[in-house]
Amino acid sequence: MATMRGSKNIQAKLVLLGDMGTGKTSLVLRFVKGQFYDFQESTIGAAFFTQILSINEATVKFDIWDTAGQERYHSLAPMYYRGAAAAIVVYDITSMDSFERARKWVEELQRQGNPNLVMVLVANKVDLEANRRVETENGELYAHENGLLYIETSAKTAQNVNELFYEIAKRLAKARPTQTPGMKLQNETRERGIRAFCCSGICLAGNSDVLHIHRMIRQLAAFQ
Amino acid sequence: MFGTQARGEVSHEFQPPLMQYWRPSIYTRRANITVKFQDLYGFTVEGNVDDVNVLNEVREKVRQQGRVWWALEANKGANWYLQPQISSLSEGIGVAALKLSALANSITLKKLVRKGIPPVLRPKVWFSVSGAAKKRSTVPETYYNDLIKAVEGKVTPATKQIDHDLPRTFPGHPWFDTEEGCAALRRVLVGYSFRDCHVGYCQGLNYVAALLLLVLKTEEDAFWMLAVLLENVLVNDCYTDNLSGCHVEQRVFKDLLAKKCPRIAAHLEALEFDVSLVATEWFLCLFSKSLPSETTMRVWDVLFYEGAKVLFHVALAIFKMNEEELLMTSQIGDVINILQRSTHHLYDPDDLLTVAFDKIGSMTSTTITKQRKKQEPAVMAELDQRLRRLNSLKMDDKPDSPRE
């Protein structure tokens, strides 16, 4: 794939975790193939996908591991999240259980994952707003407290799905300096950015707003 | 109920006329064109004209193989393969002759099974050679019906998960999309979840049970096949709690790959590619999600007769068949793509099984059992360590009840 001159090429391992039936595979299929099925076959072990995303700063090639959601498959998870640069932890807004499960994934990743891991908490199935059991504030607050990105999506309607991967790509591009020193400084900036991001509550904003606010955050970070 | 009335709708009696898809000359000229059709078991297959041709050849081979079985039935009697296994015969006068004929039969049967059981005979042969018939004979005849009645309307974490997965099990399959098909699959899975509460329901079993239903055609037989599979054929604890049996199998498989395909194993290790990334699904779904349906059935033919070591043969064969291509890879994604493409297009079961049994070399069940014993402590230690780490996480959290 051709890349723009001067931009970085990043290959990033991304893992999706979350309770069964929260829509992990559907999110990936929507992103990778633009498809959605009402009844998506349950994933056993894990499924692998790749997708390339070009943003201004870099071309990111995602190696995506979409894992099985059932609790007992938990014991396989380290194999998939080991060495991941980004993790998407998914819950279904119509299931409080799935939100609790998501929190456990976050805790596990925080303890065992890479400290530079880009982690996103995804509240999926917002097309089922009428059956919502987990309020936006709960998800947002938890994400805020744990320094995660928070985004509400619908794989069915495609709402915020591209934005989700776009955000991750941007963070990866930012977090990968050309040389390893300086990584720390960048990370600190990034952490602040995330908090600002969460506090600003733009998780529900449209794509152009997200971009705009992001430019602001970057400018702010540059001043710090 | 999924009984005799349903017979016309499932299994080999789906006989979509394959020929019509490739007979028109337009298709023979345009070999790259993709065609969609239903295979022997009602699954929609997307393939090119070559695939269709292969499938037609396979059908012809199945017919020929059927003739071999009928000839044997004519010669040895209808149920010749149901004769007692050699090991179950007791010593005594007059037994020697019987023993010899049983031995001859078991050699014939082994060869025949590897060449494929005709779809029409599958229900009977599987039920017998797997030990399902024996298992059922140890309980009252009403066992299954009583079980299903007793658990009707009960809600457990397992039944909730089953209900969640039912519409996601082979969606688009003409029989599982019907209420009848879905209900039959539900009864088998729910029934089993109560029979063995340690297994309960494990994702993956939905696919296995679904294929068993398609072949066996009666849900009670499918239930017993599932039971014998989990309780006798496969290694223990493949589907329980933390899938420890599956972890053991994966480690054994890694060792076998290093031994049988050292170049591939070394190359993949250099890529930091853990073979269980792909093989876990193969072992838990018994290839039902990876191989075309008739190829899966052929693997199961041998699995039920020869035991769980067959899964290693087949998994090794898949790697072996793609050796040259795999050695050229430089990225994990390419490895996965090669394996996925290859498995999805294995329309000729003989291509796979010839490699699995003639080119991999023999592996006795005793050797495999030893290898499993060797790996067990490491797996247990790893799972235990992991559990402790997770528990230490929970210390900061409010106590939670297990969800499964």
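What residue, among those in segment A:101-121 that are more than 14 Å from chain B (Cβ to nearest Cβ) and over 22 Å from A:V134 (Cβ atoms), is nearest to the chain's Cα centre (by Cα)?
Looking at the filtered set, the residue picked out is A:V118.
So which of B:V299, B:V275 is under 10 Å from the mean Cα position of the chain (by Cα) and either crowded, with 22+ Cβ neighbours inside 10 Å or not basic (K, R) (or both)?
After ruling out the rest, the residue left standing is B:V299.
Is it the case, given these coordinates, that B:G204 is more than 11 Å from chain A (Cβ to nearest Cβ) and not hydrophobic (A, V, I, L, M, F, W, C)?
Judged against the criteria, B:G204 is not a match.
Could you please tell me which pairs satisfy a Cβ distance under 6 Å, a separation of 6+ or placement on different chains, a first residue in segment B:231-256 that is more than 26 Å from B:F194 (Cβ to Cβ) and more than 8 Å from chain A (Cβ to nearest Cβ), and a second residue that is surrounded by fewer than 22 Cβ atoms within 10 Å (Cβ to Cβ) and small (G, A, S)?
Pairs that qualify, where the first residue is more than 26 Å from B:F194 (Cβ to Cβ) and more than 8 Å from chain A (Cβ to nearest Cβ) and the partner is surrounded by fewer than 22 Cβ atoms within 10 Å (Cβ to Cβ) and small (G, A, S), are B:Q250/B:S276.
Give all pairs with beta carbons closer than 7 Å in which a residue from segment B:116-143 that is surrounded by 16 or more Cβ atoms within 10 Å (Cβ to Cβ) meets a residue that is modelled with pLDDT of 95 or more and of a type in the set (D, E); count only pairs at least 6 apart in sequence or on separate chains.
B:G116/B:D301; B:I117/B:D301; B:P123/B:D221; B:F127/B:D221
Which condition number does B:D350 fail, the rest of (1) in contact (Cβ under 8 Å) with a residue 24 or more places away in the chain; (2) part of a helix (DSSP H, G or I); (3) within 14 Å of chain A (Cβ to nearest Cβ) being met?
Unmet condition: (3).
Can you spot a residue in segment A:12-35 that is over 16 Å from the mean Cα position of the chain (by Cα), within 13 Å of chain B (Cβ to nearest Cβ), hydroxyl-bearing (S, T, Y) and not in a strand (DSSP E or B)?
No, the conditions are met nowhere in segment A:12-35.
What are the residues in segment A:109-128 that are part of a helix (DSSP H, G or I) and touching a residue at least 24 places away in the same chain (Cβ under 8 Å), if any?
A:L109, A:Q110, A:Q112, A:V126, A:D127, A:L128
Looking at this structure, is B:V190 within 14 Å of chain A (Cβ to nearest Cβ), touching a helix residue (DSSP H, G or I) at 6+ places or on another chain (Cβ under 8 Å) and among the aliphatic types (A, V, I, L, M)?
no
Residue by residue, here is whether (1) of a type in the set (D, E); (2) closer than 22 Å to B:V252 by Cα; (3) touching a Lys or Arg at 6+ places or on another chain (Cβ under 8 Å); (4) within 14 Å of chain A (Cβ to nearest Cβ) holds:
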{"position": "B:V335", "(1), (2), (3), (4)": "no, yes, no, yes"}
{"position": "B:L346", "(1), (2), (3), (4)": "no, no, no, no"}
{"position": "B:I360", "(1), (2), (3), (4)": "no, yes, yes, no"}
{"position": "B:M363", "(1), (2), (3), (4)": "no, yes, yes, no"}
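Out of the residues in segment A:75-100 that are of a type outside the set (A, V, I, L, M, F, W, C) and in contact with a Phe, Trp or Tyr (Cβ under 7 Å, 6 or more places away or on another chain), state the one that is farthest from the other protein chains (Cβ to nearest Cβ).
A:Y91
Is it the case that some residue within segment A:138-147 is within 23 Å of A:E108 (Cα to Cα), touching a residue at least 12 places away in the same chain (Cβ under 8 Å) and not in a helix (DSSP H, G or I)?
Checked against the condition, which is being within 23 Å of A:E108 (Cα to Cα), touching a residue at least 12 places away in the same chain (Cβ under 8 Å) and not in a helix (DSSP H, G or I), segment A:138-147 yields at least one hit.
The values are calculated or read from the model by the stated rules, or taken from the named source; none is laboratory data. The structure displayed is predicted, hence computed values, not measured ones. Quick reminder, even Gly has a Cβ in these numbers, built from the backbone with ideal geometry, and neighbours come from all protein chains shown.
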